[in-house]
Each structure stands twice: as C-alpha cells, then as structure tokens.
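> The structure is given below, and queries will be raised subsequently.
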Amino acid sequence: MMKNVKLNHANPKVMEARYIEEARQLTYQQRFEKLMAIIELSYLLKTAKKYSNRKGLK
C-alpha cells in the first residue's frame, strides 16, 4: 500500500510551525547531516558550469 503523500501547500505560518516541529524531532546527528547536505548542494550550485538555452553562447 502507498504511503500518504504530504503536500507542502498551506498557510506560511502553518508551514513554518510544521518545519519547526520536524526539526525538533531530528537528532543532533540528523541535523548535522542535513546541514552538510545543504552546504554541499550550495557549493555544487556555486561551482557548476553555467548553461544557457540561447543559441550561439557557450
């Protein structure tokens, strides 16, 4: 059976409260891993080659 899908469509205050509650339930190790994943993704986006859909640019 499929899991219920949790959509992220709600009032911003409700979404913020939900995010805070989810963060509180994480262990310090999980919080650290999540932070490191964000830092790694940020670095990859910063250093990635820039591509354009316009013709003639490389």
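What follows draws every value from the coordinates through simple rules; no lab data is involved. Fair warning: this is a prediction, and the values are worked out from it, not measured in the lab. Methodologically, a virtual Cβ is constructed for each residue, glycine included, from the backbone with ideal geometry; neighbour enumeration extends over all protein chains shown.
> Please report the net charge: other residues with Cβ closer than 14 Å to the Cβ of ARG24, K and R +1, D and E -1.
For residues surrounding ARG24, the net value is 0.
> Excluding residues fewer than 8 places away in the same chain, name every one of the aspartates and glutamates whose C-alpha is closer than 13 Å to that of LYS34.
GLU22
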